[in-house]
Amino acid sequence: MNNPLENFHLKQSNDRFRVLPHPYALLVGLACWTTSAQGQTPVELLSWQAPAACPPIEEVQRRLSELQAGGVKNAALQAEVSIEEDANGFHLRLETNLDGLTGERILEGPTCDEVTQAAIAVLALLLDAEAERADELPPSEPPASAPPPARPTPLAPPRPPPPGRAVVSSGPTYYGASGLGAGRGILPNTAVFFEARLGVRGPAWSVQLQGQLWPERAAHSPALTTAGAELSMLGAGLLLCRELLARPVAWRVCSGVQADWLLAQGFGVDDRRQATALSLAVDFGTTLSLPLAGGLALSWSLDGVVPTARPRFVLDNVGVVFERPVVGVRTTLGIELAF
């Protein structure tokens, strides 16, 4: 008997199958459902582990119920499904047990609904193959009287996996990013800085730690242009982000608090003393990430910063050298890595 997967529109590579968005694949899947509904075994879904973007368990059970008509006797098809998501799409692991014969397939595709549809079609093909095998067996003695029609067996709710078997579930994704940025209204004039970020991302929300290093920037006194101060800054913040979009470009908006430690060193005066100031600020912004390959993404962010206090740096006998503005803006371009 031919391999039932030869007629389904899949591409095989290292025991993995990638779902191809082709209309013939949908026609074959519908044909498999129709054939299976004419006389196949129930499908018992032992485990369903999937991200929030996937169809709910009720929808999957409804689709599987179309495969149940009880046509092959003394056979039971059990299935366990786990789905993971990364920057390349969705990866579905399908483990089956048909009367003691176990198998495993991995399906990949751009959307969760497509890999779910493909998995249901694979189950239908397995049931068709089992029906053909049962038809080739020698007929048994006819029963004395025809049994009453069997009532459809409802799908059992998902059960925990058997002991000793690990179930792959979609958990949070950790990511780190670094880049180079420029800011206005934070240090004198336009200043460049280095930034690093570390966060944990779920289906809808993420939490992010960030830090910036601002090299020295000169601020000259309006009263005496030969005098002023060299200012540098270290910043650290904690942000809560809402994930708005995953593909084709990841998009999130964030808000949180930022702590900035400023250091000033006077110049052009006899007393070149140092001064420091610690200030808090409200940080809000947005980030876009374009997936590249292997978990890497090109990241761009735009943030606004509103300080709760405005430190002033003053030189004796000269006057005010620098006062932090009411609002600042910074933008960053870097590389993000998910792990």
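The values are calculated or read from the model by the stated rules, or taken from the named source; none is laboratory data. Small disclaimer: the values here were computed from a predicted structure and weren't measured. In this analysis, Cβ positions are derived from the backbone assuming ideal geometry, glycine residues included, and neighbour counts consider all displayed protein chains. Heavy atoms of the whole protein, side chains included, go into the accessibility calculation; ligands, DNA and RNA do not. Shrake-Rupley method; radii C 1.70, N 1.55, O 1.52, S 1.80 Å.
Brief remarks on what is shown
- Environment charge at Leu94 (Cβ cut-off 11 Å; Lys +1, Arg +1, Asp -1, Glu -1): -1
- Overall dimensions of the range 187-251 as given by Cα atoms, namely Rg and Dmax in Å: 18.1, 56
- Rounded to the nearest 10 Å², the accessible area of Asp99 at probe 1.4 Å: 80 Å²
- With a cut-off of 13 Å between beta carbons, the residues surrounding Gly304 carry a summed charge of 0, where Lys and Arg count +1 and Asp and Glu -1.
- Ser47 - accessible surface, heavy atoms, 1.4 Å probe, Å² rounded to 10: 10 Å²
- Ile83, Ile106, reordered so the largest accessible area comes first (probe 1.4 Å): Ile106, Ile83
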